[in-house]
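The values are calculated or read from the model by the stated rules, or taken from the named source; none is laboratory data. Here the structure is a predicted model, which is why all the values come from computation and not from measurement. All Cβ positions, glycine included, derive from the backbone under ideal geometry; neighbour counts span all protein chains shown.
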Amino acid sequence: MDPLKEHVALTRREFLTTAAGGIGGLALASLLAREGVGAPADRRLINPLAAKAPHFAPRARNCIFFFLSGGTSQVDLFDPKPKLNELAGQPLPPSVLEGLRFAFIQKDSARVMGSPRTFRQHGESGMYFSDLLPNVATLADDLCMVRSMHTEPFNHHPATIMMNSGFDRMGRPTLGSWLTYGLGSECDDLPGYVVLEPGPGIRGGATNWSCGFMPSTYEGVLFGTRGDAVHNLGNPPGITTAVQRMSLDTIARLNERRRRHIKDPEIDSRVSSYELAFRMQKAAPDLIDFSGERGATLEAYGIERGDDLQRRFSTSCLLARRMVERGVRFVNIYMDGWDHHGGINDGLVRNCGVVDQPIAALVKDLKQRGLLESTLVVWGTEFGRTPLGDNRIGMAAVTGRDHQPSAFSLWMAGGGVKGGLTYGATDDLGMNVVRDPVHINDFHATLLHLFGLDHEALTYHFEGRDYRLTDVAGRVMGEWIA
Amino acid sequence: MVRIAVISCPHRGRPHPVNVALGYALMTLAAVGVHASERPGLAGVTGLPPAASRAVDFSTDVEPLLAANCHECHGSETRKGGLRLDVREEALLGGDSGAVIAPGSAGESRLLHRVAGLDPEGIMPPKGEPLNIEQIGILRAWIEQGAEWPESAMGAGAEVRSRHWAFQSVEPVEPPGVKEAAWVRNPIDRFVLARLEREGIEPSPEADRVTLIRRLSLDLTGLPPSPADVEAFASDTSPEAYGRLVERLLGSPRFGEQWARHWLDLARYADSDGYEKDFHRPHAWRWRNWVIDSINRDQPFDEFTRDQLAGDLLPDATLEQRVATGFHRNSLLNREGGVDIEEDRTKIVKDRVNTVGTAWMALTVGCAECHSHKYDPITQREFYQLYAFFNSTDDRDIPAPLPREQGTWRRGMSALDLAKEAYVADEPDGFEAWVEEVAELPDIWVTPAVEDYELPTFGANNGANLYPQEDGSFLVTGMVENKTHYIMMLNTALRGITGIRIEAMTDEMLPRLGPGWATNGNFVLTEVLVEASPLTAVTALEAYGVGSVAADYSQEGFPVGAAIDGVTTNGGWAVDLPELPMHGVDRCAVLTLKKPIDHEGESRLKVSLVQHEGKSHTLGRVRVSYTTSEPEMLAGQAVPQRIRDIAGVPEARRTLDQRAELKRYYQATFQSDVDEFVEFTKRLAESPGVKGEVRAQVLAERDILRPTHLHVRGNFLEKGAEVEPGTPAVLPPLKTGGGEADRLALAKWLVDPGHPLTARVAVNRVWHHLFGEGLVNTPADFGTQGDTPSHPELLDWLAGEYARLGWSRKELIRRIVESATYRQASAVREALLDRDVNNRLLARQNRFRLSAENARDQFLAASGLMEAGIGGPSVGSERPRRGLYQQIKRAQIDPMLAVFDAPSTVQACPKRQRSNTPLQALTLLNGDLFMRSARELGRAAGWVAGGEMESRLCELFQRCTAREPTTEDLKDLSALWTRVRDYYREEPERAVEVVGAGEPGPRDVPEAAAWTVVARVVLNLDEVITRE
């Protein structure tokens, strides 16, 4: 039988139940893709989020990406520089400053700024952490620490967009979009790409999880950590689940009648979308219901601790695990407030106090549940901070650091990366990479590789060009892979 | 959809982190931070084979070598790396990375290094046999002997050729003959039917009349027809009925709204700047209004093009023509603190070039930003030639009353002129002598060009950005900070600087015309700090004390002396004029240094303008000048340059405005006849152009053009060869008629009948909106990577027709919608799916989901909530205005717009996605405005309407879908109604929630709730947001 006719012959109910993953059944229609006249079939009869095979065997299936936004200070957290204290208060020679571009620093009077942090080696690997991250430090042997990241933009938004989309201007799809585009979703009642934003909103808002020129199917969905998990998820006042069900049944019946008349399979997609919406309405409350979690787990994450921001960040970490368990492909957790031009010492104490415990708890929890192997956890940021103090006029004292794209640190855990590895090195001031430089495009290439995707082959055609996450560069960092 | 593809843009090198290879030596700190983006220098003659030891001749020796080894890639069709070696001028000009032939100097000729394999970027030719020593020797000898290239040789092929269909000119086409001539309504049908007949496929029958009126209404106005319109059309069987309907819809002002939205997609329209700050653009909508008006009055597309590209350059440009240039102002603008203004400016110019390329030519010119286009015949040099057209503009926000208010405006301006005449008729005592004195002031000031300032360190430190102006001043716009510092950092060869002049200047962009950013136009200059050092010792700037300061005017309590008193936290110089409704007067302060700044060689100079008063008491537009005259000469110099310039104009030649400005300045400064001054200034403040009126974002061309250089690898800091404005060689030549090669010439070039792209691209867009797919289904790309037209002859016929119709958009649309092709049913034909799944053959109409805005419009129109009124400012998403008017914040696109694939507004969007997602379902089911629509529809068509249940359901259904429900539909809906009503009888409080508050409330709340639910169900049917 002609596959399309076969498809047409299936009733909605059959086709929703025969195919695993609900609307995945529409993937049947991919069988129908026949050469049309002069062009390949591109009509979207298929569910764009149906799980797809990667290019090669993947190490990771899910990703939890912490974006500590504002530019975390590598020299105060991960990359110890004793020279800073030695040279504190001294200027750098003009030859060093020549050609450097800063956002705020006044070159003529800039001085090296010391760090009050104490660094210690941890684990068998002897990985360095400052005293601000005692819990994360216990993960040392599971982490792949990269000290030699570099990027180009030195302003926040372009740099953040760069980290998210591999390009420093708005308009391109972001990491989660590429992953869900390349691999689909393995979750039939939650979006494949979820964003959590405990604390104040991230600068640039939704541009950070934009699908760019891809269909909105691949856009990140912002989940609240309280109230409606998803925008418009809750029924309007007075519309109960029973009325919603009756309504959807009637909508489906009329749509199917229209479908028989017009014969457009797109109507089936509409029916499926409404059904998936209904399932999401049921699944989301379950997702945020922690009553089934053990007390020890809640305590480890710190769900009840400290202040509101701390509790919300902890909640986000636990939500992330629960999403990964349910098959969400990419969970992006943002925390703004790391742009320490002033008050860096107090600021870092406070911020690390928010993130250290729950991030460590999450990684351990994933590991204990056997999920870490297939879940890549990333601590990322848009750029680093200068060894020079930010000396802009009007500041009573120099107490912070300026933006620094030329060198910064990030780390990964799980998802096939090598634990206990400290990769790359910066000069004695943490100002420039001196060994094994890694550009953001390289990092992205590697991340895709861990998911079984070839960064040069994962392309999206738009306006006459095949676009990639890695733009025109990118190198897989084989050394990082376990 | 994962496609294995070649890397599409392989040459854009990333600067490698730098000092990796250098290692580093901290003891000297020498290596830290050295940027190593410098490209490797040429190797000289080392390693080059010796030159042939005879005189070589180009035609017999060199040309055959080039032809055999180079022309395939560096000829008229491909021009790899932007280099042609078959045309003399082009070859000598070089490619993306500069010149390759240096006549007389083998060591500097990259051509030789490449063919000899000495260049790090690899050997040429990259494939096949390398050139042998003897051949290279011939090339070397030719270059060393002066690279003689006779004009006659190979000159004939100077034009760039391409066989690509879209670059061939549009030739007249005869519609083909067909068998089923009876089906044909106009020539369009002949092209379509001929193709179908060739395939042995019959076209679809005409759609039923209800579908036709809904399709036409949606396509032309974006709104559904009312049930009464449907009834009238369905029962009008006269042959003219269809034509009359088309005429009515084309005449509807809603037509302009609908088609404006299509154009807004191309213009990347938004109501905010984008990037992190994403400031609101309160005036953006004024340009949108222009588009709506222009389309409604059917302004021909060639004029529509001309006005937007270059309206400001037209002789005697009207206000509307200037407003039209707002097209370009839709570029993103980064106002994040510490941003490099020049970098952002170059990004904006590139964006403008790319947008024009996409919107008018469907060319991906942006691919040539960093290197010559990989697929299309556009070199990097040509990209920067296009860039040069847009490189000399300033962004201005000008008073722009709406057309209907312009009469009043003009009358107001005339009245103001009369008032000015009266004002300048009398001269205050001492005025004449003062003018003379000012005119004779010695000219002692040097104002550095903005390029002389070091970017970006002149920037303000809290994120305010200073936009360089042509006159050497800096304008602070958008980012208004409470407290700030402006830092003017300069390397200068001036010796013996004795004084500094600071001018606080007025500007139409500032509150009450400025000169400050405070709401009353004031500022407070808390302190001026002057530091300098020899250029050789930049880390040790020395503070230079200011001995004395004079200003032309100081506000009581804010003397200018307070700006040099060493107190940087409060107080300072301010210029408020008490009890005045506006400022609008330039101010000036002159500082005399205690000792001159005088260094051997150049000095590094830093002037910091500290502004710590708060509440945006900051300078709006400021200019700093320097003098090396003797300190005595500085007496009396505290007069703004603008005033000095006017005073210098002989009295007889001063314009009315100049005369008024001079007198105002005099009166404001010396407080002579305060009453007259206050009265006149009030007049000014209330005049059109100042007081709370509408403004528009426009472009203004500079008098002095910026030179344009190629940016090597797209890097704005790495300037390559200078280029002149020009158009890609593969397209017809630019005609300037002896005039400037400016934006106006570019606009005329675009709409010249010989241009192969503009008309084709434009008609394809119209087709795209009337069929859901274009004849070329890549409306963004007509280049070699784009789609080929499904009906090339039809495309060309339409392109020709557009010009024949005088570029009338409405007439073109009329032609298309009157065709039998357009009027076909859209039902999917299963038998054709195997052969033509995408319906490229047009054996039926297409059905497709409506745009985000139109989906919203259906809910508002069906429920009757939609606010009437065309045009106006953008509104929040909860206001029941058409989707077109929803405010677009780039960083926070309204979730409803985003889930329905509204464009990101970052770049031109010629084709929207049409995704189908559960978030869309949630939005339409549960979103506030959508639920409100359901309530209102349920009320209006349900519980307050009289009549039978069935007729009420029919009315409700028709308002949403235009069609009558089938018997089964009615049965399902009334069954739902009954079940829901019964349900809510058991849950009365819930029913109240559903119906919501409102007066008067329903008598039977559960029934009313059931109507709401039924309305919500019908509004959520697939067909409501689908154009059939």
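Selection of segment A:197-250 for residues being modelled with pLDDT of 90 or more, in a helix (DSSP H, G or I) and within 7 Å of chain B (Cβ to nearest Cβ) yields A:A242, A:V243, A:M246, A:S247, A:T250.
Restricting attention to segment A:171-193, which residues are touching a Gly at 6+ places or on another chain (Cβ under 6 Å) and not in a helix (DSSP H, G or I)? Walk me through it before giving the result.
In the first step, residues of segment A:171-193 are kept if they are touching a Gly at 6+ places or on another chain (Cβ under 6 Å); the result is A:171-173, A:176, A:180, A:185-188, A:193.
Within segment A:171-193, A:G171, A:R172, A:P173, A:S185, A:E186, A:C187, A:D188, A:Y193 meet the criteria.
Mind checking which residues of segment B:201-217 are farther than 19 Å from B:V828 by Cβ and either out of contact with any Phe, Trp or Tyr (no Cβ under 8 Å at 6 or more places or on another chain) or surrounded by fewer than 20 Cβ atoms within 10 Å (Cβ to Cβ) (or both)? Answer for segment B:201-217, where residues must be farther than 19 Å from B:V828 by Cβ and either out of contact with any Phe, Trp or Tyr (no Cβ under 8 Å at 6 or more places or on another chain) or surrounded by fewer than 20 Cβ atoms within 10 Å (Cβ to Cβ) (or both): B:R209, B:L216, B:S217. Screening segment B:507-604 for strands (runs of 3 or more DSSP E) wholly inside it with 3 or more residues that are basic (K, R) and in contact (Cβ under 8 Å) with a residue 40 or more places away in the chain returns the ranges B:587-597.
Residue count for segment B:1016-1028 under the criterion of being part of a loop (DSSP other than H, G, I, E, B) and facing chain A (nearest Cβ under 7 Å): the result is 2. Report yes if some residue within segment A:422-440 is assigned to a helix (DSSP H, G or I) and more than 8 Å from every other protein chain (Cβ to nearest Cβ); otherwise report no. Checked against the condition, which is being assigned to a helix (DSSP H, G or I) and more than 8 Å from every other protein chain (Cβ to nearest Cβ), segment A:422-440 yields at least one hit.
Consider segment B:821-848 and keep the residues that are touching a Phe, Trp or Tyr at 6+ places or on another chain (Cβ under 8 Å) and either surrounded by fewer than 21 Cβ atoms within 10 Å (Cβ to Cβ) or under 27 Å from B:L1019 (Cβ atoms) (or both). The one that is farthest from the other protein chains (Cβ to nearest Cβ) is B:Q845. Considering only segment B:614-636, how many residues are in a loop (DSSP other than H, G, I, E, B), at pLDDT 90 or above and surrounded by fewer than 22 Cβ atoms within 10 Å (Cβ to Cβ)? Total satisfying the criteria: 4. The set of residues from segment B:32-64 being loosely packed, with under 14 Cβ neighbours inside 10 Å, at pLDDT below 80 and more than 40 Å from the chain's Cα centre (by Cα) comprises just one member, B:G44. If you check B:D417, B:D397, B:D376 for being touching a residue at least 60 places away in the same chain (Cβ under 8 Å) and within 30 Å of B:G869 (Cα to Cα), only one passes: B:D397. None of A:A277, A:A283 is buried (at least 20 other Cβ atoms within 10 Å of the Cβ) and part of a helix (DSSP H, G or I) except A:A277.
Keeping to segment B:970-1015, report how many residues are surrounded by 19 or more Cβ atoms within 10 Å (Cβ to Cβ), within 48 Å of the chain's Cα centre (by Cα), within 8 Å of another protein chain (Cβ to nearest Cβ) and not β-branched (V, I, T). So the count comes out to 1. Looking only at segment A:258-274, residues that are of a type outside the set (D, E), buried (at least 17 other Cβ atoms within 10 Å of the Cβ) and within 7 Å of chain B (Cβ to nearest Cβ) come to 7 in all. Residues that are free of Cβ contacts under 8 Å to residues at least 40 places away in the same chain, out of contact with any Leu (no Cβ under 8 Å at 6 or more places or on another chain), at negative phi and within 13 Å of chain A (Cβ to nearest Cβ) do occur in segment B:878-893, at least one of them. Does segment A:70-83 include one or more residues that are within 14 Å of chain B (Cβ to nearest Cβ), assigned to a helix (DSSP H, G or I) and more than 29 Å from the chain's Cα centre (by Cα)? For segment A:70-83, residues within 14 Å of chain B (Cβ to nearest Cβ), assigned to a helix (DSSP H, G or I) and more than 29 Å from the chain's Cα centre (by Cα): present.
The single condition from (1) within 14 Å of another protein chain (Cβ to nearest Cβ); (2) touching a strand residue (DSSP E or B) at 6+ places or on another chain (Cβ under 9 Å); (3) not aromatic (F, W, Y) that B:R743 fails is (1).
Mind checking whether some residue in segment B:402-424 is outside any helix (DSSP H, G or I), surrounded by fewer than 17 Cβ atoms within 10 Å (Cβ to Cβ) and not small (G, A, S)?
Start the filter on segment B:402-424 by keeping residues that are outside any helix (DSSP H, G or I), which leaves B:402.
Filter once more, so that each one left must be surrounded by fewer than 17 Cβ atoms within 10 Å (Cβ to Cβ): none.
No, there is no match, as no residue in segment B:402-424 is outside any helix (DSSP H, G or I), surrounded by fewer than 17 Cβ atoms within 10 Å (Cβ to Cβ) and not small (G, A, S).
Evaluating A:E152 against the criteria (1) buried (at least 24 other Cβ atoms within 10 Å of the Cβ); (2) in a loop (DSSP other than H, G, I, E, B) leaves one unmet condition, (1). Is at least one residue of segment B:185-192 among the polar types (S, T, N, Q), surrounded by fewer than 17 Cβ atoms within 10 Å (Cβ to Cβ) and either touching a helix residue (DSSP H, G or I) at 6+ places or on another chain (Cβ under 8 Å) or at pLDDT 95 or above (or both)? The answer is yes, given that some residue of segment B:185-192 is among the polar types (S, T, N, Q), surrounded by fewer than 17 Cβ atoms within 10 Å (Cβ to Cβ) and either touching a helix residue (DSSP H, G or I) at 6+ places or on another chain (Cβ under 8 Å) or at pLDDT 95 or above (or both). Return a yes/no flag: does segment A:288-295 have any residue that is buried (at least 19 other Cβ atoms within 10 Å of the Cβ) and either touching a residue at least 60 places away in the same chain (Cβ under 8 Å) or part of a helix (DSSP H, G or I) (or both). Taking every residue of segment A:288-295 in turn, none turns out to be buried (at least 19 other Cβ atoms within 10 Å of the Cβ) and either touching a residue at least 60 places away in the same chain (Cβ under 8 Å) or part of a helix (DSSP H, G or I) (or both). Within segment A:296-309, the set of residues being in a helix (DSSP H, G or I), among the aliphatic types (A, V, I, L, M) and free of Cβ contacts under 8 Å to residues at least 24 places away in the same chain comprises A:A296, A:L298. Set side by side, the residues B:L223, B:L266 differ, and just one is within 14 Å of chain A (Cβ to nearest Cβ) and either under 30 Å from B:C960 (Cα atoms) or surrounded by fewer than 23 Cβ atoms within 10 Å (Cβ to Cβ) (or both), which is B:L266. Restricting attention to segment B:608-644, the residues being out of contact with any helix residue (DSSP H, G or I) (no Cβ under 6 Å at 6 or more places or on another chain) and closer than 23 Å to B:G521 by Cα number 22.
Can you pull out every residue in segment B:917-953 that is in a loop (DSSP other than H, G, I, E, B), surrounded by 21 or more Cβ atoms within 10 Å (Cβ to Cβ) and either more than 7 Å from every other protein chain (Cβ to nearest Cβ) or modelled with pLDDT under 90 (or both)?
Of the residues in segment B:917-953, the ones in a loop (DSSP other than H, G, I, E, B) are B:917, B:927, B:944-948.
Among the residues that remain, those that are also surrounded by 21 or more Cβ atoms within 10 Å (Cβ to Cβ) are: B:917, B:927.
B:T917 - this is the single residue of segment B:917-953 that is in a loop (DSSP other than H, G, I, E, B), surrounded by 21 or more Cβ atoms within 10 Å (Cβ to Cβ) and either more than 7 Å from every other protein chain (Cβ to nearest Cβ) or modelled with pLDDT under 90 (or both).
Within segment B:959-969, being facing another protein chain (nearest Cβ under 10 Å), surrounded by fewer than 20 Cβ atoms within 10 Å (Cβ to Cβ) and in a helix (DSSP H, G or I) holds for one residue alone: B:E968. Is there a residue being within 14 Å of chain A (Cβ to nearest Cβ), modelled with pLDDT under 95 and within 24 Å of A:T207 (Cα to Cα) anywhere in segment B:858-877? Yes, segment B:858-877 contains a residue that is within 14 Å of chain A (Cβ to nearest Cβ), modelled with pLDDT under 95 and within 24 Å of A:T207 (Cα to Cα).
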